[in-house]
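Worksheet for the structure shown next.
Only the coordinates and a few stated rules stand behind these numbers; no lab work does. Model, not experiment: these values are computed from the prediction. Note that each Cβ is placed from the backbone with ideal geometry, even for glycine, and that neighbours are counted across all protein chains shown.
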Amino acid sequence: MSPVPSFYLIGLAALLIGSLAAWRSRSVELRDRTVTLLVLLHVVALTLAVSDASWRSFCVVLGVLALLEMVRSVGGHSYVLLLLLASLVLGVAQVESLADHWSLGLAGVLSIGLWTVVGVGRGVVRVAYLIAWGVGLLVPAVVMLVGLRSVSVDWVVLLLLATQANDMLGLMAGKFFGRRPLLPRISPNKTVEGFVAGGLGVVIAGVAARLTCPEFARLSWVASATILVVLFLAANAGDLLFSRVKRCFGLKDFGSLLPGHGGVLDRVDSLLLAAPALYSCLALLEVA
C-alpha cells in the first residue's frame, strides 16, 4: 500500500484510540481534539495524495492563517501583514529555487528560536520580532514543508506520523499519568511522563514509516534513528518555543479556529521546527 493511504489508515486507528480515551475520561477537550483531528486527517490526506500543487496550496493556507494569528497577537499593522504575506507567497512560489539554500532557512529558524528564548520585547521591538518571525521562521518552515513533498511524499508522511504521534501520546500520557512538570516556567502542562511517551510515539511512528515509506526504508538503521531523534527534539522544541511566545504575549491560545486545540499555530507549532529539521537532515544525507 502506498504511503498516503497507509498514513490515512494509521491516523484513523490512532483517532479511534483517542475517541475511546475521550469517552472513558469524559473529557470534552479530548473529544473536541479528536473530532478536529479527524477533519484535518481527511483534508491533509486528500491534498497530499492529489498533487504537489494541492499540497502547496494547503501549506500556503496554513501559513496565512498562522500569520494572521500572530499579527493579531502582536498587534501588527496592515503594512506588516502585507509584507509578510508577500514574503510567504513568493517564498512558496520559489520552492525549487530556494531548495539549494536550505542552510539559510535553517539559520533563520534557529535565530528566531534564540530570540524567542531571550524574550520577545515590547512596542517597536515586538513588531520587529513579528517581521523577523515571519521572514526568518514561518516562510522557511512552509517552504521546506512544501519542499518535502517535492522530494517525495514519503517524507511528509514520516514528518506527520512522527510529530502527531509525539503530540498525541504525549498529551494522553501527560493527562492521565503526568505527575512531574518538565519545564513549568515555559509550559506548565508539559510533563516528564508526557515527554517520555512522546518519544515512544516517535519510535512507533518510525517503525510504521519503515513499513510504509519506501524512501525512508532505504536508509540505514543508523540514519533512520538519527532522523527520528532529530524529529523528536525538533517537535518538542517547537511546542516549547511557541509556549514561550504565548507567555510573552500573555495568551492561553493563539486562536479558536480549531476546537480542542486553539488556533492554527497551536496545532502546527511542532511542524514549524520539525519540517526544517527533517529537510536539513535529508540535504545532509544528500537525499533532498
Handout entry: Hey, ARG149 basic (Lys, Arg), under 27 Å from LEU67 (Cα atoms) and either in contact with a strand residue (DSSP E or B) (Cβ under 7 Å, 6 or more places away or on another chain) or not in a helix (DSSP H, G or I) (or both) or not
Key = no
Problem - CYS213, sole failed condition from (1) surrounded by fewer than 22 Cβ atoms within 10 Å (Cβ to Cβ); (2) farther than 18 Å from GLY170 by Cα; (3) not aliphatic (A, V, I, L, M) - result: (1)
Fill in the blank from the handout: Taking segment 234-263 and keeping only residues that are under 24 Å from GLY121 (Cβ atoms), in a helix (DSSP H, G or I) and among the hydrophobic types (A, V, I, L, M, F, W, C), one is left with ALA237, LEU240, LEU241, PHE242, VAL245, CYS248, PHE249
Practice task
Could you check, for segment 264-280, whether at least one of its residues is out of contact with any helix residue (DSSP H, G or I) (no Cβ under 7 Å at 6 or more places or on another chain) and either surrounded by fewer than 18 Cβ atoms within 10 Å (Cβ to Cβ) or part of a loop (DSSP other than H, G, I, E, B) (or both)?
Solution key: no
Problem - Pairs, first in contact (Cβ under 8 Å) with a residue 12 or more places away in the chain in segment 250-266, second of a type in the set (Phe, Trp, Tyr) and crowded, with 17+ Cβ neighbours inside 10 Å, C-beta under 9 Å, six or more apart - result: PHE254/PHE242; GLY263/PHE254; VAL264/PHE254; LEU265/PHE242; LEU265/PHE254; ASP266/PHE242; ASP266/PHE254
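Against the condition surrounded by 19 or more Cβ atoms within 10 Å (Cβ to Cβ), of a type in the set (A, V, I, L, M, F, W, C) and more than 28 Å from LEU183 (Cβ to Cβ), how does VAL44 come out, does it pass? Walk me through how you get there before you give the answer.
Values: surrounded by 19 or more Cβ atoms within 10 Å (Cβ to Cβ): yes; of a type in the set (A, V, I, L, M, F, W, C): yes; more than 28 Å from LEU183 (Cβ to Cβ): yes.
Yes.
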